[in-house]
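A quick write-up on the structure given underneath.
The values are calculated or read from the model by the stated rules, or taken from the named source; none is laboratory data. Please read these numbers as outputs of a predicted model, since none were measured by experiment. Cβ atoms come from the backbone with ideal geometry, glycine included; neighbour counts cover every protein chain shown.
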Amino acid sequence: MVSAVQVWNPDDWEVFALSLLQSRHGALDVHKIPAAHKGDFGIDYYCTTQAVAYQCYVAQEPIDIVTRADRQKKKITTDIGKIVSNASEVSKLFMGVPIKHWILLTPVHDSKDVNLHCAKKTLEIRKLNCAHLDGHFEIDIHDQKSFPVAAVAAGISALTKVTLDVPHPTAQEMTLWQAGSPSLLANATHKLMKRAGPDKIQEVVAEAVRSFLQGNAILDALRSTAPDLHERVIASVALRSRRLSFAGPQGGPGPGSILNAEIENLIAAIKGAATNLSDDNAERIALGAVAEWIMRCPLDFNSDGV
């Protein structure tokens, strides 16, 4: 199964993280420390009522699990050092109340090694007996799965730009789909033969399958993380599909011109319905939808190329 993931830059992640934390603690109980003036003390956001500090961190993707974990562990070590070395200022922030939790807030947490590192650093820090840290002070790591689905969806919908990264399907994923969908594959081959011809048909059909899987992966990711955005995209695709069924394809006279016209019109419809969806994602969804129209109907071409 091809899966898509949200692509984050540090600024967008901090904005999104603030939304998540406000849903957890309340809008008036979350405070931000600007890093531009004399550093951030190893803290981006904090909540005095629950004595918890948060540091945001985004590893540059794509990377493997081991590399991501190593970078997260390094970030934890570095910023916990700031908490300790800036004891006086941190204590003032929390108005003398000892901090109970310090949490690294990151998009993806997928390694137990980071949990073990958090436990190790927690014991090390407790032994320092810092007055501004609670006797049961604990270091932890949270990702967006640590928050309610509704909070994640609201935060993503509010982003100015939603960009999902979707990998190319593996050879195994392509083979499994093709083996399980012989009728759809036959439809695509029959119709696309009118555009590609026998010498290139396998390549063109493979691209249609690839586009279909990638487009669905983005839609699946939107369904789980941004249902409102997903509904708007699905509605725009369904509307174009109904028009195609009723009025027939636009463009022409050949299959290539028809395909280009349908893809461009669908991209425009998706972007109109979901203005904060990235151009790349809108195009991939459109390509996937048109590929599905070819496989399932209503899109076809006359045998004379029209």
Exercise. Which ranges mark the helices (runs of 4 or more DSSP H) fully within region 119-211 that have 2 or more residues being among the charged types (D, E, K, R) and in contact (Cβ under 8 Å) with a residue 12 or more places away in the chain?
Worked result: 182-196
For this session: Could you tell me whether region 223-231 includes any residue that is surrounded by fewer than 19 Cβ atoms within 10 Å (Cβ to Cβ) and more than 17 Å from Gln6 (Cβ to Cβ)?
Result: yes
Seminar exercise, completed: Expected output for region 77-96 (first residue in a helix (DSSP H, G or I), partner of a type in the set (Gly, Ala, Ser), Cβ below 6 Å, 6+ apart or cross-chain) is Asp79/Gly42; Lys82/Gly42; Ile83/Gly42
Problem set entry | The listed residue being modelled with pLDDT under 90, aliphatic (A, V, I, L, M) and farther than 27 Å from Lys145 by Cα, out of Leu244, Leu176, Leu259 | Leu244
Exercise. Does any residue of region 9-30 turn out to be within 21 Å of the chain's Cα centre (by Cα), closer than 14 Å to Asp143 by Cβ and in a strand (DSSP E or B)?
Worked result: no
Exercise. Are any residues in region 247-306 among the β-branched types (Val, Ile, Thr) and not in a helix (DSSP H, G or I), and if so, which ones?
Worked result: Thr275, Val306
For this session: Mind listing whichever residues of region 24-76 are in contact with a Ser or Thr (Cβ under 6 Å, 6 or more places away or on another chain) and free of Cβ contacts under 8 Å to residues at least 24 places away in the same chain?
Result: Asp29
Problem set entry | Which listed residue, of Val52, Val108, Val90, Val114, is within 30 Å of Ala153 (Cβ to Cβ), surrounded by 14 or more Cβ atoms within 10 Å (Cβ to Cβ), at pLDDT 95 or above and in contact with a helix residue (DSSP H, G or I) (Cβ under 7 Å, 6 or more places away or on another chain) | Val114
